[in-house]
Amino acid sequence: MSSEVTVTVGGESRVVPVGTIVRDVLNGIPSRDLVAARVEGKVVDLTRKLEHDAAVEPVLADSPEGLEVIRHSTAHLMAMAVQSLYPGTQVTIGPVIEDGFFYDFAPATPFTVEDLPKIEAKMRELAKADHKIQRTEIAREDAIRKFSAMGEKYKVEIIQGIPDDHVSIYSEGDWMDLCRGPHVPSTRYLKAFKLTSVAGAYWRGDEHNAMLSRIYGTAFATKEALDEHLKLVELARQRDHRKLGREMGLYIFDPISPGSPFYLPKGVIIFNALVDYMRRLYRRYGYDEVVTPLIFKNELFNTSGHWENFRENMFLSPDPDSDTHAIDTGPDGWHHGYGLKPMNCPGHNFVYRAEKRSYRDLPLRFAEFSRLHRAERSGTLHGLMRVREMSQDDAHIFCREDQIEDEIALNLQMVRDVYGALGFERVEFKLATMPDQHLGTEEQWQMSEAKLGNAMKRNEIVFEINPKEGAFYGPKIEIYVSDALKRKWQVATIQLDYNAPERFDLTYTNSAGAEERPVIIHRAILGSLERFIGVLIEHTGGVLPLWLAPEQVRVLSLSEKVEDYAKEVAELLKREGFRAHADMRNEKLGFKVREAELAKVPYMVVVGEREAADRSVSLRLLRGEKSNAMPLAALIEKLKQEPVPA
Ligand SMILES: [Zn+2]
Ligand SMILES: [Zn+2]
């Protein structure tokens, strides 16, 4: 074995002795920014020794990998603090999650939020003490002996499940933990963290096991980044769509129907305004709306494949014509009974099949807003974001192979129209490609992936590849929007399907008179309207554009003397087509304004004796701007100039 290795850093190669540590080849990067390194693509500790020729890249504190290293190291720091404050507490696992980390402990008494400040203070003390974090490898059997002696029975169980002969241990000061790593070099790198909450969690997620005590936290590269994050989390809490929905009188939830919203009149206005908008686009883009049954014989779901793959998520019902009320949920249960549709596609295939189709009829674009039902577990339900009942702006395009690219391009244009009009500035596109388990040949996949890619290029869309994330029956385009709280939501999808036309034996007659299979494009732009409304409410904080605002104008009277005038103004606005209402209660103006603000009414119109005398109003906008006197006609003109998407 040679005594030297060649390392490549930033495209430049040089020779160093075997065993040189990674940090020593990454000169010139201030050590506080450098938290780990990527060696031949794998993230490792800075103290790792170089044994082979390798490409070495720095992993900086504020990069996604760097943050992961910092967060996992902070989880260790928390475990160290917990064990020093609460001796006898056993440690289990402490993974990194989105935006932070958690660690599950087995303490004598479960932790509460009251324990967090004390633990955090101890963590700060340990971080400042600058304990070196060191990796050692020991034989598996030695590790088992070591952790057994410490009374760490969960760790012993974890080690027993590791097939390797050796395991790695990370120690900081006199504390240590079994861990794959990597970690920051020392605890002083951890200077921006916050413990956020506690929860119960079963060992290995199994309810038959012991209940552990989980502490959640987050950590960032800098104090500024942490503060920014905590600010957004607080804003998200204030803008929670369940809270705003209640304050604005949009919808309620009741345990009588878990996961299914009750839309109140004002919520229905938003719902319908979105549907009306999509309908206007459908007319422009050549879609036909259909309404298909909500409930089908399970036979249909056998044909579609839902019975095989999705029946645990379906609401099933016995056959009303049968004497037995039993429901067979087994693999062959589809011969009997009914199911509520979880998706519109199977019904649309029947609409397609109802007539003989020619190549000249295609593309056919069927849209439907029907209610869909999915039997989600109650633990996963969350306001409008995760529901059991929803509507989608769902459509299925039946087209010829040579029409795919144009259809996708049109859809992408529609996606941009919609998200532009709804005020989402950042829209991202991903192409999900062939998964390991797939129908059709690799060649066919390459061809259809190229069509999706070309359609995006035609729209000058820059996209990422999401490798192997397509459905088994075809590739798809996933579309994400970022909201004002910097959270990313997957909303729209455009999906190619070569499988359903086979299953439902769909055909059209080609120009030579022979039968061919059409291709189906499944697409939704808003996605679930429920979820979209939830996202929109949190994105805007409830301050909706005028066309979506349930109550557009509220007329606030200053005294009883102007009641008639207030009523007249509201009536006039209604006649002009606006959703207006007069608040003539005998209350102080300040109180009425606060209530209108809580209900997020964009236009507040104040009328007193002066306004009544010269037929004017004093306008106060929800979005800032001071009140502004104007003639009644000018108010109507201003309202009419508010944008409405075509
Ligand atoms: Zn670890
Ligand atoms: Zn579909």
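The values are calculated or read from the model by the stated rules, or taken from the named source; none is laboratory data. These numbers come from a predicted model, not from an experiment. All Cβ positions, glycine included, derive from the backbone under ideal geometry; neighbour counts span all protein chains shown.
Kindly provide the set of residues from the range 38-59 that are among the aliphatic types (A, V, I, L, M) and touching a Pro at 6+ places or on another chain (Cβ under 6 Å), ordered by number.
V43, V44, L46
Can you tell me how many residues within the range 610-624 are in a loop (DSSP other than H, G, I, E, B) and among the aliphatic types (A, V, I, L, M)?
1
Before we move on, is A61 over 30 Å from I119 (Cβ atoms), of a type in the set (A, V, I, L, M, F, W, C) and in contact with a strand residue (DSSP E or B) (Cβ under 7 Å, 6 or more places away or on another chain)?
no
What strands (runs of 3 or more DSSP E), lying completely within the range 37-142, carry at least 1 residues that are within 16 Å of ligand 1 (Cβ to nearest atom)?
It comes to 42-44, 100-106, 133-139.
For A375, which of the numbered conditions (1) farther than 24 Å from P293 by Cβ; (2) among the aliphatic types (A, V, I, L, M); (3) assigned to a loop (DSSP other than H, G, I, E, B) fails to hold?
It is condition (1) that A375 fails.
A quick yes/no check of all residues on (1) aromatic (F, W, Y); (2) more than 21 Å from R517 (Cα to Cα); (3) within 16 Å of ligand 1 (Cβ to nearest atom):
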| position | (1), (2), (3) |
| --- | --- |
| M278 | no, yes, no |
| N302 | no, no, no |
| P318 | no, yes, no |
| W334 | yes, yes, no |
| H348 | no, no, no |
| K356 | no, no, no |
| A367 | no, no, no |
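Kindly establish whether E587 is surrounded by 11 or more Cβ atoms within 10 Å (Cβ to Cβ), free of Cβ contacts under 8 Å to residues at least 24 places away in the same chain, more than 30 Å from G420 (Cβ to Cβ) and among the charged types (D, E, K, R).
It is true that E587 is surrounded by 11 or more Cβ atoms within 10 Å (Cβ to Cβ), free of Cβ contacts under 8 Å to residues at least 24 places away in the same chain, more than 30 Å from G420 (Cβ to Cβ) and among the charged types (D, E, K, R).
Okay, residues lined up against (1) in a helix (DSSP H, G or I); (2) of a type outside the set (S, T, N, Q); (3) more than 22 Å from the chain's Cα centre (by Cα):
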residue	(1), (2), (3)
I404	yes, yes, yes
F424	no, yes, no
V427	no, yes, no
H438	no, yes, yes
K457	yes, yes, yes
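Return the only residue of K266, K356, K341 being crowded, with 16+ Cβ neighbours inside 10 Å and away from ligand 2 (no atom under 16 Å from the Cβ).
K266
Can you run down the residue pairs with Cβ atoms below 6 Å, 6 or more apart or on separate chains, where the first is in the range 431-454 and within 16 Å of E469 (Cβ to Cβ) and the partner is of a type in the set (D, E)?
Every condition considered, the pairs that remain are A432/E469; A432/E478; T433/E449.
Looking at the structure I just gave you, is F310 modelled with pLDDT of 95 or more, surrounded by 15 or more Cβ atoms within 10 Å (Cβ to Cβ) and closer than 19 Å to R388 by Cβ?
It is false that F310 is modelled with pLDDT of 95 or more, surrounded by 15 or more Cβ atoms within 10 Å (Cβ to Cβ) and closer than 19 Å to R388 by Cβ.
Residues are listed down the side, and each one gets a yes or a no for (1) within 16 Å of ligand 2 (Cβ to nearest atom); (2) buried (at least 19 other Cβ atoms within 10 Å of the Cβ); (3) within 30 Å of F147 (Cβ to Cβ):
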site	(1), (2), (3)
S13	no, no, no
H52	no, no, no
L67	no, yes, yes
S73	no, yes, yes
A81	no, yes, yes
V91	no, yes, yes
E98	no, no, yes
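Give the residue, chosen from H348, H325, that is touching a residue at least 40 places away in the same chain (Cβ under 8 Å) and either surrounded by 20 or more Cβ atoms within 10 Å (Cβ to Cβ) or not in a helix (DSSP H, G or I) (or both).
Selected residue: H348, the only one of H348, H325 that is touching a residue at least 40 places away in the same chain (Cβ under 8 Å) and either surrounded by 20 or more Cβ atoms within 10 Å (Cβ to Cβ) or not in a helix (DSSP H, G or I) (or both).
Quick check: is even one residue across the range 587-602 at pLDDT below 95 and either among the β-branched types (V, I, T) or assigned to a strand (DSSP E or B) (or both)?
Yes, there is a match, as at least one residue in the range 587-602 is at pLDDT below 95 and either among the β-branched types (V, I, T) or assigned to a strand (DSSP E or B) (or both).
So the check is Cβ under 8 Å with 6+ separation or different chains; which pairs have a first residue in the range 520-547 that's without any contact (Cβ under 8 Å) to a residue 60 or more places away in the chain and a second one that's of a type in the set (S, T, N, Q) and within 16 Å of ligand 1 (Cβ to nearest atom)?
none
Scan the range 176-196 for residues that are basic (K, R) and either within 15 Å of ligand 1 (Cβ to nearest atom) or more than 19 Å from I119 (Cβ to Cβ) (or both) and jot them down.
If the condition is that a residue be basic (K, R) and either within 15 Å of ligand 1 (Cβ to nearest atom) or more than 19 Å from I119 (Cβ to Cβ) (or both), then R180 is the only one that fits.
Which ones in the range 202-230 are over 20 Å from P117 (Cα atoms) and basic (K, R)?
R204
Which numbered condition in (1) of a type outside the set (S, T, N, Q); (2) touching a helix residue (DSSP H, G or I) at 6+ places or on another chain (Cβ under 8 Å); (3) within 28 Å of I397 (Cα to Cα); (4) in a helix (DSSP H, G or I) is the only one that R279 fails?
Evaluating R279 over (1) of a type outside the set (S, T, N, Q); (2) touching a helix residue (DSSP H, G or I) at 6+ places or on another chain (Cβ under 8 Å); (3) within 28 Å of I397 (Cα to Cα); (4) in a helix (DSSP H, G or I) leaves (2) as the failure.
For the range 147-246, give me every one of the strands (runs of 3 or more DSSP E) that falls completely inside it and has 2 or more residues that are farther than 25 Å from Y86 by Cβ and in contact (Cβ under 8 Å) with a residue 12 or more places away in the chain.
166-172
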